[in-house]
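In what follows, a structure is listed as structure tokens, so that the remarks can point back to it.
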Amino acid sequence: MTIRVFVPRDTAAVSVGADRVAAAISAEAERRGAAVEIVRNGSRGLLWLEPLVEVETTAGRVAYGPVVPRDVSSLFEAGWLEGGAHAMRLGPTEEIVWLREQTRLTFARLGLEDPLDLAAYERLGGLVALRCALDLDSRAIIAEIEASGLRGRGGAAFPAHIKWRTVAEQPAGQKYVCCNADEGDSGTFADRMLMEGDPFALLEGMVISGLATGADAGFIYIRSEYPAAIATMSEAVRRFTAAGWLGADVGGSGRRFSVEIRRGAGAYICGEESAMLESLEGKRGTVRAKPPIPAIAGLFGRPTLVHNVLSLGTVPWIIAHGGVAYAAHGSGRSRGTQAFQLGGNVRRGGLVELPFGASIDRLVNGFGGGTASGRPFRTAQLGGPLGAYVDAAMLGLPMDYEALAAAGAMLGHGGIVVFDDSVDMAKMAKFAFEFCAHESCGKCTPCRIGSVRGAETVGEIIAGRDVAANLALVEDLCEVMTDASLCAMGGLTPMPVRSAIRLFGEDFADRLHGETV
Amino acid sequence: MATPQSTTDTGLAIAACALHGNRPTALLEVLHEIRARRGGIDESDLRAVAGALNLSRAEVYGVVSFYGDLRVPAGDPALEVRVCLAEACRSRGAAELAAELEQHGVVVAPVYCLGNCALAPAVVQDGVVHGRADAASVLARIAGVPA
Ligand SMILES: Cc1cc2nc3c(=O)[nH]c(=O)nc-3n(C[C@H](O)[C@H](O)[C@H](O)COP(=O)(O)O)c2cc1C
Ligand code: SF4
Ligand code: FES
């Protein structure tokens, strides 16, 4: 009997050698005459254990990791094809505590099968929602989204159903769905993992959103830094089209929906929705003034539903299980689950999907196991480069939009970047300004000029010159940027800067010897 | 800027535009294509693309100069190392890694997040993302010795 062995194809797994491991397994199996079929699945999200290889035994899937090519022979020797004992054996995959304690809804299928195997997708619950949506009218679909309490996962957390309803209510004519897959925030990779690991779910969500809003054309704007996601999504579009789930006659319903993949070109600001629309039109990615909102006048001036990958990727679960079932998870006004992403200096980094409301501590120390370096924890940055730093005293805070906002922080796209006590927070503040200067679209002065002045001024502080006066100047710059920037690039850059100064003032004040950077 | 030198060969630019139906909205894809094939975008490309897509040269130039990927000429992919210098990678010494590589004469191009933040620091060599990078492994790959 042929035994299936799963070796992830996810970029993170490949970045630590999964391709070489797959080749070694296939060579060793051939040498031994063992009947093995290698399946390149998506990653399970336990990234610190990659390459995590699973063997499908008669008693279920057993995990081994992290596997390196030179261990492969000893794994066969240990009888791993029957789940044999080995130093690297992690046990039945489903029983690994790190995975078992999660609530995988958006990522329910992550890592289970070859992501481009459409038959496997259906076997694992795919297309249930789309078939169901084809029998519902627009109002009924939007009512489910409303009942779910789904809020945009791209960062702004705006209630999804309001945008859907606005687009649906615009007069008939060309409308679009634009999926924002620009995922530029440091510390985030959930969009990438969904696109590489369950691409049909995103397409299914897009088609359903098109049915509900009357849009018949979709675009997925993927950053160029994600070549594997671009390739996987492109192939998924071809297969979905060939199977009749995209095109002129979606699922034989007579309804039309098409999807085009577009790639970005190395500009963080193109994650801001109006800059993304400009870029999709083939132009410079400059931010548009609002109003009008994209739901009324978006791509090519037409009504456009703009959503993050995770927002659209969660739609099939909601429609298949009902909005109420989704809303049963979560805390306060943050309903459902969030895919938290643990990165940076953390021992057990990866993808952790949990209901909103989990504490930072549970994520950083529970799932994360503290720092990777073994040195004491000092800070974590939540919600990407525009998000706040938190200190150890704040670890009890729940990860919920309102609770974090009340504490001067933000959840953003769910990234959590951990730092140990060797971090120099003045340098991180300087980097926040530099990143803003580098990525500013240039449309407004507070952002374009303020960020450059900010980086220079923090540089002065690091050099130990006029620290008090320069700190006051930084505060002034932050105030102007917060109040007068057109978008959150300039408007939120003060968030990491101010939180660093407020919580770790000693890194700014104690520059007795000065340093040049 | 992305104008190494002007050539008179506009065949590539014109073909790239045609491939995308000469639609002005496909400008980014067209420019990606030219850059991938030739390593950079020069003055004659700007004019050829402008002509084929019915745009002004200034519009095409404006787009090239806006985007990080298009602005800089592509380096030799075998020699250039892209080092992620965003926060998660910094928390694991990415800035120090970049400095160390430069000391070894490596051409370092910054990139801001590769979506591999759980396995930081991350680098790209020859189009492939590598996690938990250190100078020794990067230099070994440049030398063609697999780590
Ligand atoms: C500077 C900046 C960068 C952004 N980057 C992204 C991004 O990479 N991905 C994303 O989905 N949203 C990003 N956003 C938020 C989008 O503007 C927009 O709110 C979102 O795509 C809407 O989708 P949602 O309702 O599903 O969240 C960014 C916003 C700003 C101001
Ligand atoms: S805040 Fe910065 S990025 Fe946003 S519109 Fe102004 S200049 Fe552009
Ligand atoms: S911050 Fe370096 S890969 Fe994300």
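The values are calculated or read from the model by the stated rules, or taken from the named source; none is laboratory data. None of these values were measured; they are calculated from a predicted model. FYI the Cβ positions are ideal-geometry reconstructions off the backbone, even for glycines, and counts take in every protein chain you see. Accessible surface is based on the protein model in full, side chains and every heavy atom, while ligands, DNA and RNA are left aside. Shrake-Rupley method; radii C 1.70, N 1.55, O 1.52, S 1.80 Å.
Below is a table of values for the structure above.
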read-out	value
Per-residue SASA entry for A:T493, accessible area with 1.4 Å probe, Å² rounded to 10	0 Å²
Beta bridges per DSSP with both ends in the protein assembly as shown, % antiparallel, nearest 5	55 percent
Between A and B, accessible area buried - total, square angstrom, nearest 100, 1.4 angstrom probe	3600 Å²
Residues in region B:107-130 occluded by at least 40 Å² - accessible area, probe radius 1.4 Å, against chain by itself	B:Y112, B:C113, B:L114, B:G115, B:C117, B:A118, B:L119, B:V129
Convex hull of region A:167-245 built on C-alpha atoms - directionally averaged projected area, nm²	5.7 nm²
Cα-based Rg / Dmax (Å) for region A:425-508	11.5, 35
Over chain B - Rg/Rh using Cα atoms and the Kirkwood inverse-distance radius	1.07
Chain A, helix-only ellipticity at 222 nm - DSSP H runs n ≥ 4, -39,500 (n - 2.57), divided by all residues, nearest 500	-11500 deg cm²/dmol
Inter-part distance where region A:427-499 and region A:353-408 are each reduced to a Cα centre, Å	24 Å
Taking only Cα atoms of region B:6-50, radius of gyration then Dmax in Å	9.2, 25
Average accessible surface area per residue within region A:425-508, 1.4 Å rolling probe, Å²	39 Å²
Phi to ³J(HN,Hα) by Karplus 6.51 cos²θ - 1.76 cosθ + 1.60 over region A:287-304, Hz, x for Gly, Pro	6, 8, 6, 10, x, x, 7, x, 4, 9, 9, x, 5, 6, x, 9, x, 9
If the convex hull is drawn through the Cα atoms of region B:77-142, its volume per residue in Å³	64 Å³
Pairwise Cα inverse-distance average, inverted: Kirkwood Rh of region A:389-473 (Å)	14.9 Å
With all protein chains modelled, accessible area of A:E434 [1.4 Å, Å²]	70 Å²
Region A:230-275-region A:1-36 distance, computed between alpha-carbon centres (Å)	31 Å
Relative contact order %, chain A, counting alpha carbon pairs below 8 Å whose residues are six or more apart	13 percent
DSSP H segments from chain A that extend 18 Å or more along their own axis, Cα-based, with Kyte-Doolittle mean of 0.5 or above	A:199-213, A:309-321, A:467-484
Normalised per residue, the volume of the convex hull around the Cα set of chain A (Å³)	146 Å³
Space enclosed by the convex hull of the alpha-carbon atoms of region A:3-100, per residue, Å³	82 Å³
Hydrodynamic radius by Kirkwood, which averages 1/r over all alpha carbon pairs of region A:23-80, in angstrom	12.1 Å
Solvent-accessible area per residue, Å², over region A:101-151 with all protein chains present [probe radius 1.4 Å]	41 Å²
Binned Cα-Cα distances of region A:330-420, short to long, each 5 Å bin given as a whole percent	3, 16, 30, 28, 17, 6, 1, 0
Kirkwood-based shape ratio for region A:118-327, expressed as Rg/Rh from alpha carbons	0.93
Three principal axis lengths of region A:272-331 [C-alpha, angstrom, descending]	41, 22, 20
Local electrostatic count, A:I220, Cβ distance below 12 Å [Lys/Arg +1, Asp/Glu -1]	-1
Accessible area (Å², 1.4 Å probe, nearest 10) - A:H329	50 Å²
Residues of region A:154-276: accessible area per residue with a 1.4 Å probe, Å²	28 Å²
